[in-house]
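Participant: First the structure, then my questions, so here it is.
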Amino acid sequence: MNETIKVLETRRSCRNFDSSKMVNEETVNAILEAGTYAASGMGKQSAVIIAVTNKEVRDQLSKENASVMGVNSDPFYGAPVILIVLANKDVPTYMYDGSLVMGNLMNAAKSLGVDSIWIHRAKEEFESDFGKKMLADLGIEGNYEGIGHCALGYAASELGAPAARKDNYVYYVK
């Protein structure tokens, strides 16, 4: 089987990371680079990625995300690395562009033996004072909206098999 298709068919969302096992910097950088090669509307590359490997900042993000969700648990499931994708709302295709970056990040992670999950609520986080301050501190200016968090790490236990594909997923017009 083609290796790319194998990655696409076997990637699963991880909801239980081994928080003690960090992804090495070289691997994180390879995943990030793959994210930068995502297709984008008119080639405008409207997305940006914030890579968080600092535990203190990661834990603050977790707290903010949990607050948006209204829970008191870690919405990142213990993942030690969080890649945040935002996209410039001034570009008409920004939501799609950012979503394609998220897909590239997760599929690249799988191809390198790293587990992942897409976590939502980045929009609300970066509309808050917390998010606005983070962007300002990083020197990110513009009309950015949070698209998602790609939580990365290594599963604490085996990931399950894929769910059966639904009936009538594909329709042909010949």
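The values are calculated or read from the model by the stated rules, or taken from the named source; none is laboratory data. Given the structure is predicted, the values throughout are model-derived calculations rather than measurements. Glycine also receives a Cβ, built like all others from the backbone with ideal geometry; neighbour counts cover every protein chain displayed. The accessibility values were calculated without ligands, DNA or RNA, using every heavy atom of the protein model including side chains. Shrake-Rupley method; radii C 1.70, N 1.55, O 1.52, S 1.80 Å.
Participant: Scan (1) out of contact with any helix residue (DSSP H, G or I) (no Cβ under 9 Å at 6 or more places or on another chain); (2) under 10 Å from Cys150 (Cβ atoms) for the single condition Ser62 breaks and write down its number.
Facilitator: (2)
Participant: Turning to a different aspect of this structure: So which of Lys63, Lys89 is open to solvent by 60 Å² or more (accessible area, probe 1.4 Å), basic (Lys, Arg) and touching a residue at least 40 places away in the same chain (Cβ under 8 Å)?
Facilitator: Being open to solvent by 60 Å² or more (accessible area, probe 1.4 Å), basic (Lys, Arg) and touching a residue at least 40 places away in the same chain (Cβ under 8 Å) holds for just one of Lys63, Lys89, which is Lys89.
Participant: Among the residues of the range 138-174, count how many are touching a residue at least 60 places away in the same chain (Cβ under 8 Å), open to solvent by less than 60 Å² (accessible area, probe 1.4 Å) and either charged (D, E, K, R) or farther than 30 Å from Val57 by Cβ (or both).
Facilitator: Of the residues in that region, 1 qualify.
Participant: Residues to consider are Ala79, Ala108, Ala87; find the one that is assigned to a loop (DSSP other than H, G, I, E, B), within 14 Å of the chain's Cα centre (by Cα) and under 20 Å from Gly35 (Cβ atoms).
Facilitator: Only one candidate qualifies: Ala79.
Participant: Just to check your reading of the model, which residue among Gly78, Gly43 is at positive phi and surrounded by fewer than 16 Cβ atoms within 10 Å (Cβ to Cβ)?
Facilitator: Exactly one of Gly78, Gly43 is at positive phi and surrounded by fewer than 16 Cβ atoms within 10 Å (Cβ to Cβ), namely Gly43.
So that you can scan it fast, the table gives a plain yes or no per residue for (1) in contact with a His (Cβ under 9 Å, 6 or more places away or on another chain); (2) more than 21 Å from Asn54 (Cα to Cα); (3) assigned to a helix (DSSP H, G or I):
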residue: Ser116; (1), (2), (3): no, no, no
residue: Glu125; (1), (2), (3): yes, no, yes
residue: Leu135; (1), (2), (3): no, no, yes
residue: His149; (1), (2), (3): yes, no, no
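Participant: Looking at the range 116-129, which of its residues are open to solvent by 50 Å² or more (accessible area, probe 1.4 Å) and in contact (Cβ under 8 Å) with a residue 40 or more places away in the chain? Please lay out each step first, then the result.
Facilitator: In the first step, residues of the range 116-129 are kept if they are open to solvent by 50 Å² or more (accessible area, probe 1.4 Å); the result is 118, 120-121, 123-124, 127, 129.
Residues satisfying the conditions are Trp118, Arg121, Glu124.
Participant: Here's another thing I want to ask about it. Only residues that are touching a residue at least 24 places away in the same chain (Cβ under 8 Å) and part of a helix (DSSP H, G or I): list them for the range 5-32, please.
Facilitator: Selection gives Val7, Leu8, Glu9, Thr10, Glu25, Thr27, Val28, Ala30, Ile31, Leu32.
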